[in-house]
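Contents: one structure, followed by commentary.
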Amino acid sequence: MMRHAPLALAILSSAAMSQAQTGPGGVAGSTEIRAIVARMAATMRDGRGFLYQPLLKDGKTVAALEYWKAPGRPAVHPDEAEYAIVIDGAGALVSGGTIVDPKTIRPDLVEGSRINGGTSRSLAVGDVILVPAGVPHWFGITGGRLVMLGMKLPRHDS
């Protein structure tokens, strides 16, 4: 299933450390990640377009797998940056510009109908993404699916 994943999974195995329930630090191994992604793919058969699966946690910081089969709505996280690594599939990221028809869904999430004036970039396995807090963004799917390991990071204004 994950033809291009060896590099990305090697990155994940070394980079996905956080607070585990059994003590300080934790590792999600490549075998475990492959199994979770396969389970997520099987779950997607019910017509869902997006699944979120927490992987490792350290307090409020969560490293999670995001499995996209259909694009979501453009979003803004006012107080959190979004960091992600593409581990399978392909897609596009539109970021920047202005979100149109903004609606606050939760304090940490504003969604809109589209983004005006954003910059579009293609996404492939191994790409690293950082969307600063407060920046509109949208993920498109160009390869049937887009699977990312992501985290939300609190805004650090200087």
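The values are calculated or read from the model by the stated rules, or taken from the named source; none is laboratory data. Quantities reported herein were computed from a predicted structural model and do not represent experimental measurements. When we count neighbours, we look across all protein chains shown, and the Cβ atoms used for this are built from the backbone with ideal geometry, even at glycine.
Among the residues of the stretch 100-111, those that are at pLDDT 95 or above and outside any strand (DSSP E or B) comprise ASP101, PRO102. Contact map, the stretch 35-49: residues that are within 13 Å of GLY144 (Cβ to Cβ) and touching a residue at least 12 places away in the same chain (Cβ under 8 Å) paired with residues that are aromatic (Phe, Trp, Tyr) and surrounded by 12 or more Cβ atoms within 10 Å (Cβ to Cβ), Cβ distance under 9 Å, separation 6+ or inter-chain. Pairs shown: ALA41/TYR67; MET44/PHE50; MET44/TYR67; GLY49/TRP68. For the stretch 124-158, the set of residues classified as β-branched (Val, Ile, Thr) and either within 11 Å of the chain's Cα centre (by Cα) or surrounded by 17 or more Cβ atoms within 10 Å (Cβ to Cβ) (or both) consists of VAL125, VAL128, ILE129, VAL131, VAL135, ILE141, VAL147, listed by residue number. For the stretch 112-123, filtered to residues that are farther than 16 Å from TYR83 by Cβ and assigned to a strand (DSSP E or B), the residue that is farthest from the chain's Cα centre (by Cα) is ASN116.
Taking the stretch 124-149 as the range and being within 25 Å of THR43 (Cβ to Cβ), in a loop (DSSP other than H, G, I, E, B) and of a type in the set (A, V, I, L, M, F, W, C) as the test, the residues that pass are ALA124, VAL125. Filter the stretch 100-114 down to residues that are touching a residue at least 12 places away in the same chain (Cβ under 8 Å) and aliphatic (A, V, I, L, M) and give me whichever is surrounded by the most Cβ atoms within 10 Å (Cβ to Cβ). In this case the residue turns out to be VAL110.
Looking at the stretch 79-86, can you tell me whether even one residue there is at pLDDT 95 or above, surrounded by fewer than 15 Cβ atoms within 10 Å (Cβ to Cβ) and within 24 Å of GLY47 (Cβ to Cβ)? Within the stretch 79-86, not a single residue is at pLDDT 95 or above, surrounded by fewer than 15 Cβ atoms within 10 Å (Cβ to Cβ) and within 24 Å of GLY47 (Cβ to Cβ). Residues of the stretch 134-158 being at pLDDT 95 or above, of a type in the set (A, V, I, L, M) and more than 20 Å from GLY49 (Cα to Cα), which ones? Within the stretch 134-158, just VAL135 meets the criteria.
Can you tell me which residue among GLY59, GLY117, GLY97 is touching a residue at least 24 places away in the same chain (Cβ under 8 Å) and exposed (fewer than 13 other Cβ atoms within 10 Å of the Cβ)?
Working: GLY117 fails: touching a residue at least 24 places away in the same chain (Cβ under 8 Å); GLY97 fails: exposed (fewer than 13 other Cβ atoms within 10 Å of the Cβ).
Just one listed residue meets the conditions, GLY59.
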